[in-house]
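Structure first, then comments.
Every number in this text was worked out from the coordinates using simple rules, so none of it is lab data. Small disclaimer: the values here were computed from a predicted structure and weren't measured. A quick note on method: Cβ atoms are made from the backbone with ideal geometry, for glycine too, and the neighbour counts reach across all protein chains shown.
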Amino acid sequence: MTTDDRTVRIERTYDASAERVFDAWTREEVMRRWWQAERGWETAAAEVDLRVGGVVRVVMRDPDKDVEYGGGGLYTEIEPPTRLAFTWLWDGDTRRTLIEIDFEEVDGATTVRFTHRDLWDEEAVRSHERGWSNVLDSLGRDLEAA
């Protein structure tokens with residue numbers, strides 16, 4: 001995990017094919033199982049229109065506080081099963097950012113290189129680093145369970 005002044009970079013390797021990991025990022029029913037920034041949260045909604053210019057959207061829900069955190073954007077790059085990129089904008093915010101995800105499979109295991117660019121300050125970088133780390137951990141648990 002590394003960060004510069006406004007970018008979060010996280011790398012994880014999963015014991016799953018690149019196709020399976022790519023599908024986890026692009027199939028609504030799979031995204032609903034794992035896309036949560038905290039344990040115990042749920043994914044209230046996931047929307048995917050998998051084409052350049054198509055919409056990606058996720059809403060996470062904290063059931064203890066009955067609060068939802070939603071965000072989404074538009075796909076800018078789609079290269080199954082090796083790369084995804086999309087803009088990202090949290091609900092109620094005006095600061096558009098860019099998420100890039102590269103998938104590299106070697107011997108049946110897939111390394112995911114996740115990059116979130118153009119964050120607005122150090123606190124945003126720290127917050128997003130923690131949240132995305134938790135999301136990627138949740139993805140790992142889902143891939144192991146499936």
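Key figures for this structure:
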quantity: Matching label, log10 I(q)/I(0) by the Debye sum over Cα atoms at q = 0.16, 0.17 Å⁻¹ computed from the structure shown, candidates [x] -0.84, -0.97; [y] -0.69, -0.78; [z] -0.92, -0.98; calculated: [x]
quantity: Length-normalised contact order of the chain in % [C-alpha pairs under 8 Å, at least 6 apart]; calculated: 29
quantity: Nearest-20 debye value, the chain charge dipole, Cβ charges on Lys, Arg, Asp, Glu; calculated: 160
quantity: Cut-off of 10 Å, at most 16 other beta carbons, DSSP loop: longest stretch of the chain lacking such trypsin sites (Lys or Arg not before Pro); calculated: 97-146
quantity: Most positive-pole-ward Cα, 60, 128, 145, against dipole of the chain from beta carbon charges; calculated: 60
quantity: Per DSSP, loop GluC sites (Glu not before Pro) in segment 31-69 with at most 16 further Cβ within 10 Å; calculated: 38
quantity: Ascending count of other beta-carbon atoms within 10 Å, so fewest first, for 115, 13; calculated: 13, 115
quantity: Potential lengthening between residue 123 and residue 102 on full extension [0.36 nm per residue; Cα-Cα distance subtracted]; calculated: 5.1 nm
quantity: Counted charge near residue 11, where neighbours are those whose Cβ lies closer than 12 Å (Asp, Glu -1; Lys, Arg +1); calculated: +1
quantity: Cut-off 14 Å between beta-carbons: net charge of the residues surrounding residue 50, Lys and Arg +1, Asp and Glu -1; calculated: -4
quantity: Estimated inter-spin distance, residue 130 and residue 11, nm [label 7 Å along Cα→Cβ]; calculated: 2.5
quantity: Segment 1-45, relative contact order [Cα under 8 Å, separation at least 6], %; calculated: 19
